[in-house]
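Trainee: I'd like to ask some things about the structure below.
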């Protein structure tokens, strides 16, 4: 029996649309914040607090941008995003 409907899906186009929507959403989220908290940092990176502390929290470049205000760590959004993009590019591709 022949099919009456033939459906072709451009998976690359769908992926581009999804990534564009994610970038737009992230840009809107970042526009609403001046600082990330440790909780924000965990959420946007998908990393645990322990992993963050072991991997880059004590990196001298990150130490220059982080601030302890009272008992809370704050991280300026633009500088943090820039640092994280640099940091991930430096990680080995296992």
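The values are calculated or read from the model by the stated rules, or taken from the named source; none is laboratory data. Small disclaimer: the values here were computed from a predicted structure and weren't measured. Virtual Cβ from ideal backbone geometry, glycine too; neighbours counted across all protein chains shown.
Trainee: Where in the chain are there helices (runs of 4 or more DSSP H), lying fully within it, with 3 or more residues that are surrounded by fewer than 13 Cβ atoms within 10 Å (Cβ to Cβ) and without any contact (Cβ under 8 Å) to a residue 24 or more places away in the chain?
Mentor: So the answer is 11-31, 49-55, 77-90.
Trainee: Only residues that are touching a helix residue (DSSP H, G or I) at 6+ places or on another chain (Cβ under 8 Å) and closer than 15 Å to residue 26 by Cα: list them for region 45-77, please.
Mentor: Correct list: 45, 77.
Trainee: Moving to a separate point now. When residues of region 17-57 are filtered for being touching a strand residue (DSSP E or B) at 6+ places or on another chain (Cβ under 6 Å) and either modelled with pLDDT under 80 or more than 12 Å from residue 81 (Cα to Cα) (or both), how many remain?
Mentor: Of the residues in that region, 1 qualify.
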